[in-house]
Structures are given as C-alpha cells and as structure tokens.
1. Given the condition open to solvent by 80 Å² or more (accessible area, probe 1.4 Å), hydroxyl-bearing (Ser, Thr, Tyr) and free of Cβ contacts under 8 Å to residues at least 60 places away in the same chain, answer yes or no: does some residue in the range 11-30 qualify?
2. Before we move on, is Arg100 open to solvent by less than 80 Å² (accessible area, probe 1.4 Å), farther than 30 Å from Leu240 by Cβ, basic (Lys, Arg) and more than 20 Å from the chain's Cα centre (by Cα)?
3. So Val224 fits all but one of (1) modelled with pLDDT of 90 or more; (2) under 22 Å from Leu257 (Cα atoms); (3) among the aliphatic types (A, V, I, L, M); what number is the exception?
4. Being more than 30 Å from Pro162 (Cα to Cα), in contact with a Leu (Cβ under 6 Å, 6 or more places away or on another chain) and among the aromatic types (Phe, Trp, Tyr) is the requirement here; does Trp13 meet it?
5. Could you please find all residues in the range 229-246 being out of contact with any Ser or Thr (no Cβ under 6 Å at 6 or more places or on another chain) and either hydrophobic (A, V, I, L, M, F, W, C) or free of Cβ contacts under 8 Å to residues at least 12 places away in the same chain (or both)?
6. Take the range 59-97 and flag every residue that is among the hydroxyl-bearing types (Ser, Thr, Tyr), under 30 Å from Val224 (Cα atoms) and under 20 Å from the mean Cα position of the chain (by Cα).
7. Return yes when Glu206 is outside any helix (DSSP H, G or I), at negative phi and among the charged types (D, E, K, R) and no when it is not.
8. Can you pull out every residue in the range 208-244 that is among the hydrophobic types (A, V, I, L, M, F, W, C) and crowded, with 18+ Cβ neighbours inside 10 Å?
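The values are calculated or read from the model by the stated rules, or taken from the named source; none is laboratory data. Every value quoted in this text rests on a predicted model; they were computed, and no experiment measured them. Cβ coordinates were reconstructed from backbone atoms using ideal geometry, including for glycine residues, and neighbour counts include every protein chain displayed. Only protein heavy atoms, including side chains, enter the accessible area calculation; ligands, DNA and RNA are left aside. Shrake-Rupley method; radii C 1.70, N 1.55, O 1.52, S 1.80 Å.
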Amino acid sequence: MNARLNALPRTLWLTLICVFAGLPVLWMALTSLQPMEELLGTNASLIPASASLDAYREVVTRFPFWQWFGNSVLVAGSVVAGNLVFDTLAAYGLSRIRFRGRQVVLTLILATLMIPTQVILVPLYLVMRDLGWIDTYWALIIPFLASPTGIFLLRQHFITLPIQLDEAAAIDGAGRIRTLWSVLLPSSWPALGTVAVLKFMWTWGEFAWPSLVTNNELLRTLPVGLARFQNQFDPRWDLLMAGSVMAAVPVVLCFILLQRFFVRGLTGGAVKE
C-alpha cells in the first residue's frame, strides 16, 4: 500500500507528460477528419461534428502523395543503410585500430557536431550544383551517408567490448572485417538500432535540404510535398493534417519495431561497474 502511495506522484507526473506530448497528435488526427467548412466555421471544435475520410481520399487521389512517400522511403532507407555501413567501419577503426593521428581524426569528427546544419547548406548546395546533382536522388542521399553522431555512438559502444574478443578472433585466423562482422556486430544490435532509429527519424522529417535541391514535384519528399497544402492564399489544413497522419505512421512503426534496441542502446554504458 505504501509502495503504491509512494509511486503515485511519479505516475501522475508521467501521465501529465504523456497527455502533454500526445495532445497535439490527437488534435492532428481529429482535425484530419473534419471538412474545411467545419474547421473555418464559427463553431469549430476539437471533436468533429461530421467526421469523414474525404481529406485522406483527396490527398492520395489529387496529388502525387505515394510518389512523395516512395521518395521518402528510398531516401531514408538509403541514408540509414549507408550510415550503418560507413559509421560502423569508421567507429571500428577509431576504437580498435591504433594509428598515428587517430585522436586528431576523432577530434575533427566530433568538432563537426558543433557546426549547425544551416551553416553548410549553401556550400553543400554549390558542390551539388557543380556535380550536376540538383534535382536528383544523389543530392538527397549522398551527403548524408555518414554522420558524426553515428560514428561517435558506435565508437563509444565498441570501446566497451573487451579487446580479448579481437585477440581470440586473430588467433583463430580472422582478419579485421571478419572480426567486425562475426564477433563485434552480433553484440552491437542495441547501438546499431539506436543509430538506425535516429537517422530514420531525422531523414524522414528533414525539410530544408530536400526543398533546396529539388524543383521537380515528383522528386519531393513527404515534408516538402505536404508543405504545398500550407500556402498563403488557400491553406488546406484538412489535407495537411491528413497527409501528416499518414506520414507519421512509418516513424511510429520504426520506433515500435526497434524500441527494445533503442532503449538498450541509449542506456548502455550509463552505469559503470
């Protein structure tokens, strides 16, 4: 009984946080079910008086929504796959291989974390323009195939693994890549899952860079495509909310599927023995 009373403040606090975080999502979902006449009327309310799926039907039939959706899946999937490969190789080298200048390389990589993305947008755009990659998938994918955050997270994980694992693998005749693939990676699923979830969420919701390097409507990703519903003269809030609900589904599914790895990856190493 005392234990339940002691846990009551924490339960109430967590419930309040859940309501605070979930209310905008609930508002978005309910708004997507209301027609524009009801949203702009004088009796507008959170609960729709006449719920309908017309906004969802209009989004997928009048606009290239599934093309935008496919573009986002292609870009986010390619970026996640690239980060898992290149970040893992870089983190392995920085954590397990001794070479001259290793600390300098690590410091330079970490220093890039302090540079805001907006600062490099223009130089990066000029590079893409000179390469002839504007309005192509290359400009959306190639610049983000590796990230300092992923390298740092994976390096911090690799240095917690005993070096004796590498030595035992070397005695058995395994090379560097074989040791990484067969010995270290099977113990690294939480860290890899964390990198995958973070990169997928960041790439899926990215707006500034895709809107800068794409002019063709069929090459737009979901955030850029949905932004056309929020124009100055005729904003379509019902379409924007309906598209946003459908755009949020893959992110929620990704987090649910990788939640176990994500939590273990973030809490791994939090307590030192």
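1. For the range 11-30, residues open to solvent by 80 Å² or more (accessible area, probe 1.4 Å), hydroxyl-bearing (Ser, Thr, Tyr) and free of Cβ contacts under 8 Å to residues at least 60 places away in the same chain: absent.
2. No.
3. Condition not satisfied by Val224: (2).
4. no
5. Phe229, Gln230, Asn231, Gln232, Phe233, Asp234, Pro235, Trp237, Leu239, Leu240, Met246
6. Answer for the range 59-97, where residues must be among the hydroxyl-bearing types (Ser, Thr, Tyr), under 30 Å from Val224 (Cα atoms) and under 20 Å from the mean Cα position of the chain (by Cα): Ser72, Ser78.
7. It is true that Glu206 is outside any helix (DSSP H, G or I), at negative phi and among the charged types (D, E, K, R).
8. Hits for the range 208-244 are Trp209, Val213, Leu219, Leu222, Val224, Leu226, Phe229, Leu239, Leu240, Met241, Ala242.
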